[in-house]
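The values are calculated or read from the model by the stated rules, or taken from the named source; none is laboratory data. Model, not experiment: these values are computed from the prediction. All Cβ positions, even for glycine, are placed from backbone atoms using ideal geometry, and neighbour counts span all protein chains on display.
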Amino acid sequence: MVTHEVEVLVVGLGPVGAVAALALARHGIDVTAIEPLAAGATDLRASTFHCPTLEILHELEAGATLFSQGLKAPVYQYRDRQSGEVFAFDLGEIADRTPFPYRIQCEQHRVTADLVAQLQRQPTAQVLHRQRLLFMEQDEAGVTAYVETATAVERWRARFLVAADGANSVVRKVLGLEFPGFTYDEKFLCLSTTYAIEGAFENLSLVNYISDPDEWMVLLKVPGLWRILVPAPENMADETLLADDYKNAVFRRMLGREAEVATQHRTIYRVHQRVCERFAVGRVALVGDAVHLNSPMGGFGMNSGIHDAVNVADKLVRVLRGGADPAAQLALYERQRLTVTRDFVQAQTIENTRLMRDGWAGARAERRAAMARLSQDRDARRAYLLKQAMITSLEQAAAIA
């Protein structure tokens, strides 16, 4: 069996794995990233990039497409579908805390392509597609991974392994880690269209969370497309939800009239809230969806995964180039990111989803009043913006010793 040696093996080459590998390679770390797909996935995935993530991508010189083609969204809105009330929040209010006081809306796969291209330009990096991890084991000195190629199974010996292999992580399963949490009852239907949805709403922003106890909705604009996310009945067959009749009914309720709306994508998926019991075991660190899944409300999933990636890359650079103790550094990574994931990402996405599902009307009037107070209180609104932009969570992680 062929055996390769590398300082760090990164498993998975989505945006999180690519950021981890690129951050390591830019410090001269010998890194190999493997990916089972022949090319990056181009289906409907994350599309919101928050202020700190923009800073990370700018520092890595991997944001060319994002900054040139993405849509800047300094203002996002919470709308009550029943009352018509709109609460707008402007990230320009925190321009003193970030050079990028806005979100950028852009499909994840466009940014991943830039990251991989930049990674391939690094002299100490290697990118291997159609390479699937089968199994891994570790000892005090490193990790041994068994990787399937098109023609053979090959062995990789690495000093460290970073698992960015997604929600069905092989690494997490091999380590026998629990992934506790829950799955939301309803299905989620995601549609995309070039139709000018903004014509049906007054002053619609690029990012909109529309609350309603009957049918909440998320409307996001990405280059050339509107993306629409709505809940769908759990007991309804997927083929029914993907059919023209159901699609037409969603748009009829949204627009308030019949309209011929063509869609470019129709996707159904289930949404989970889960956090792995461990983020690091021995010489293996897990990042992104491999260790945390959450509702898309707020756009925290991919962003928090990228924050995992730069955090663990920093720790491995300290070990491999600074002589720091590996156990201590990976334990610190775990404390910082596990704590923030549990205390902020999970808690906030659950609350954001509850707000969307319940609405602000009727018995939930206290929510509406709280949102109104927030809109009128500058200090409270600023704290809220820093939290929703994920600046607060990164500062909290950095403060954990």
*Does Ala158 qualify as being within 19 Å of Ala309 (Cα to Cα) and in the same structural domain as Asn303 (by TED's automatic domain parsing)?*
yes
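Quick check on my filter: what residues within segment 358-374 are modelled with pLDDT under 80 and surrounded by fewer than 17 Cβ atoms within 10 Å (Cβ to Cβ)?
Filtering segment 358-374 down to residues modelled with pLDDT under 80 leaves 358-372.
Once the filter is applied, which keeps residues that are modelled with pLDDT under 80 and surrounded by fewer than 17 Cβ atoms within 10 Å (Cβ to Cβ), segment 358-374 yields Asp358, Gly362, Ala363, Ala365, Glu366, Ala369, Ala370, Ala372.
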*asked:* As an exercise: evaluate Phe100 against (1) within 21 Å of Arg45 (Cα to Cα); (2) surrounded by 18 or more Cβ atoms within 10 Å (Cβ to Cβ) and give the number of the one condition it does not meet.
replied: (1)
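Of a type in the set (Asp, Glu), assigned by TED's automatic domain parsing to the domain that holds Val312 and buried (at least 21 other Cβ atoms within 10 Å of the Cβ): is that true of Glu137 in this structure?
Details: of a type in the set (Asp, Glu): yes; assigned by TED's automatic domain parsing to the domain that holds Val312: yes; buried (at least 21 other Cβ atoms within 10 Å of the Cβ): no.
Spelling it out, it is not the case that Glu137 is of a type in the set (Asp, Glu), assigned by TED's automatic domain parsing to the domain that holds Val312 and buried (at least 21 other Cβ atoms within 10 Å of the Cβ).
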*In segment 167-198, which residues are in a loop (DSSP other than H, G, I, E, B) and in contact (Cβ under 8 Å) with a residue 60 or more places away in the chain?*
Ala167, Ser169, Leu175, Leu177, Glu178, Phe179, Pro180, Tyr184, Thr194, Tyr195
*Within segment 155-196, considering residues that are among the β-branched types (Val, Ile, Thr) and modelled with pLDDT of 95 or more, the one farthest from Glu107 (Cα to Cα)*: Val174
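Results for (1) out of contact with any Ser or Thr (no Cβ under 7 Å at 6 or more places or on another chain); (2) closer than 22 Å to Arg321 by Cα, shown as yes or no for each residue.
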residue	(1), (2)
Arg121	yes, yes
Glu137	no, no
Val147	yes, no
Val153	yes, no
Phe160	yes, yes
_Looking at the structure I just gave you, is Ala313 surrounded by fewer than 20 Cβ atoms within 10 Å (Cβ to Cβ) and either touching a helix residue (DSSP H, G or I) at 6+ places or on another chain (Cβ under 8 Å) or touching a residue at least 12 places away in the same chain (Cβ under 8 Å) (or both)?_
no
*What pairs come up if the first residue lies in segment 234-249 and is more than 17 Å from Glu215 (Cβ to Cβ) and in a helix (DSSP H, G or I), the second is at pLDDT below 95 and among the β-branched types (Val, Ile, Thr), and their beta carbons are under 8 Å apart, counting only those six or more places apart or on different chains?*
Asp238/Ile268
*What single numbered condition from (1) buried (at least 22 other Cβ atoms within 10 Å of the Cβ); (2) more than 28 Å from Val271 (Cα to Cα); (3) hydroxyl-bearing (Ser, Thr, Tyr) fails to hold for Thr3?*
(1)
*For segment 220-232, name all the residues that are surrounded by 13 or more Cβ atoms within 10 Å (Cβ to Cβ) and assigned to a loop (DSSP other than H, G, I, E, B).*
Pro223
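Assess whether Ala262 counts as being surrounded by fewer than 23 Cβ atoms within 10 Å (Cβ to Cβ), out of contact with any helix residue (DSSP H, G or I) (no Cβ under 9 Å at 6 or more places or on another chain) and closer than 28 Å to Asn208 by Cα.
Values: surrounded by fewer than 23 Cβ atoms within 10 Å (Cβ to Cβ): yes; out of contact with any helix residue (DSSP H, G or I) (no Cβ under 9 Å at 6 or more places or on another chain): yes; closer than 28 Å to Asn208 by Cα: yes.
In short, yes.
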*So, in segment 202-219, of the ones that are in a strand (DSSP E or B) and of a type in the set (Ser, Thr, Tyr), which residue ends up farthest from the chain's Cα centre (by Cα)?*
Ser211
*Under 7 Å by Cβ, and 6 or more places apart or on different chains, what pairs join a residue from segment 124-140 that is more than 19 Å from Val171 (Cβ to Cβ) with one that is of a type in the set (A, V, I, L, M) and in a strand (DSSP E or B)?*
Thr124/Val31; Ala125/Val31
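Looking at Gly301, Gly288, can you tell me which residue is under 13 Å from Val16 (Cβ atoms), modelled with pLDDT of 95 or more and either among the hydrophobic types (A, V, I, L, M, F, W, C) or assigned by TED's automatic domain parsing to the domain that holds Thr112 (or both)?
On the way: Gly301 fails: modelled with pLDDT of 95 or more.
Matching residue, one of Gly301, Gly288: Gly288.
Identify the residue in segment 62-84 that is of a type in the set (Ser, Thr, Tyr) and surrounded by 17 or more Cβ atoms within 10 Å (Cβ to Cβ) and, among all such residues, is farthest from Gly298 (Cα to Cα). Spell out how you get there, then give the answer.
Going through segment 62-84, the residues of a type in the set (Ser, Thr, Tyr) turn out to be 65, 68, 76, 78, 83.
Remaining after also requiring surrounded by 17 or more Cβ atoms within 10 Å (Cβ to Cβ): 65, 76, 78.
Working: Thr65: 22, Tyr76: 10, Tyr78: 11 Å.
Among them, the one singled out is Thr65.
Would you confirm whether or not segment 77-88 contains a residue that is in a loop (DSSP other than H, G, I, E, B), more than 20 Å from Ser304 (Cα to Cα) and among the polar types (S, T, N, Q)? Walk me through it before giving the result.
To start, the set of residues in segment 77-88 that are in a loop (DSSP other than H, G, I, E, B) comprises 81-85.
Those still in the list that are more than 20 Å from Ser304 (Cα to Cα) too: 81-85.
Checking which are among the polar types (S, T, N, Q) leaves us with 82-83.
Looking through segment 77-88, at least one residue is in a loop (DSSP other than H, G, I, E, B), more than 20 Å from Ser304 (Cα to Cα) and among the polar types (S, T, N, Q).
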*Please specify each residue of segment 105-129 satisfying the condition of being of a type in the set (A, V, I, L, M, F, W, C), farther than 18 Å from Trp156 by Cβ and assigned to a helix (DSSP H, G or I).*
Val111, Ala113, Leu115, Val116, Ala117
